[in-house]
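Notes follow once the structure below has been shown.
The values are calculated or read from the model by the stated rules, or taken from the named source; none is laboratory data. Just so you know, these numbers come straight off a predicted model, no measurement behind them. Cβ placement follows ideal geometry from the backbone for every residue including glycine, while neighbour counts extend to all protein chains displayed.
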Amino acid sequence: MAESTEDDASSPSRPGPRRVPALVLSGFLGSGKTTVVQRLLEDAKRRGIRIALISNELGELGIDRALLGAGDQLYVELEGGCVCCELSDDLLDTLTQLHREVDPDRFVIETSGVALPYDTQLNFWREPACDFIGDDMAVVVVNADQLHEGRDLVGTFEDQVQSADLLILNKMDLIPESDRAAIEQQLREIEPEAPIVHAIRGEFDLDLLFPPDAGEVEVEVDRRGTGPESRPHHHEQFETSLWKPAIGITVAEIEQELTSDGLLRAKGFASTDEGIRLVQVVGRRIEITAPPFDPPDELIGQIVLIRRA
């Protein structure tokens, strides 16, 4: 059970143990979740807010840690599975440990691109998380270009979108202005009720995720009794592999290698003839850019590839 003290329980300003709001940030492979997390962390640092981030990567390299530049006790990475199923016990243990040792103002759980946010939220009803998790919200980042191309819009994508409390329609700069209304309507047909916010490179009003007073005003949350049941869904199976490009490889050679039928996502670092590059593939779009941070040496020359099993 979550720790509490007699002083906490008798405090006139706080009738019980402080509850910590939690955000589950989800979205299909390549939707732009990590960019949104980067903005969240930067905003929290400016405001003096302690965010405990739990990031769930499908691969096992820790690429997102390098991209986020995170290295302290407020960041934990769960690798090699999904927090909505295989790693649910690990998620519960991590939440409990962070609450006990760090006492954050907010929790952020960034799921893998194939995890289901609703099933992730169900862990907040388990002991001891039910004693310290406050208001929670599922935000799903959607790649507008994916909708525009009509790519991978069934199965996991639908389940994620239909679980959302808020939808962030990201990468709108990739869509012709004349098509944007149709793209939003297409998303609305999958999820008719959740609010939709447009974003470019993860830029939107972050106060939509956590109200400005989150962590200061107690939100009444009662998680006593039996929690909700998992919704019917089809959890697709995905497989990861590792490609190790040779040192000095050219950009053209990388593009040729990653132009492959069935490749859903790729992310990693390559030592090219032009220097260290961040390599990302989303659908048919290949991006090879200078990394925002110097990646650890052990990550250079390793690119995770994700396909359906």
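At-a-glance table
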read-out	value
Yes/no for Thr250 being farther than 21 Å from Gln237 by Cα, hydroxyl-bearing (Ser, Thr, Tyr) and either surrounded by fewer than 16 Cβ atoms within 10 Å (Cβ to Cβ) or in the same structural domain as Glu57 (by TED's automatic domain parsing) (or both)	yes
Of residues in region 150-208 being of a type in the set (S, T, N, Q) and within 18 Å of the chain's Cα centre (by Cα), the one modelled with the highest pLDDT	Asn170
Any hit, region 16-32, residues being of a type in the set (Gly, Ala, Ser), under 24 Å from Leu122 (Cβ atoms), surrounded by fewer than 18 Cβ atoms within 10 Å (Cβ to Cβ) and at pLDDT below 70	yes
Filtered residue count, region 288-309, keeping only those that are in a loop (DSSP other than H, G, I, E, B) and charged (D, E, K, R)	1
Output for region 253-290, where each listed residue is of a type in the set (S, T, N, Q) and either surrounded by 14 or more Cβ atoms within 10 Å (Cβ to Cβ) or touching a His at 6+ places or on another chain (Cβ under 7 Å) (or both)	Ser271, Thr272, Gln280
Qualifying residue in region 53-68 (condition: farther than 13 Å from Leu209 by Cβ, modelled with pLDDT of 70 or more and more than 16 Å from the chain's Cα centre (by Cα))	no
Test: residue in region 71-88 that is more than 30 Å from Gly301 (Cα to Cα), assigned to a helix (DSSP H, G or I) and at pLDDT 65 or above	yes
Subset of region 129-147 (residues that are in contact with a Phe, Trp or Tyr (Cβ under 7 Å, 6 or more places away or on another chain) and small (Gly, Ala, Ser))	Ala138
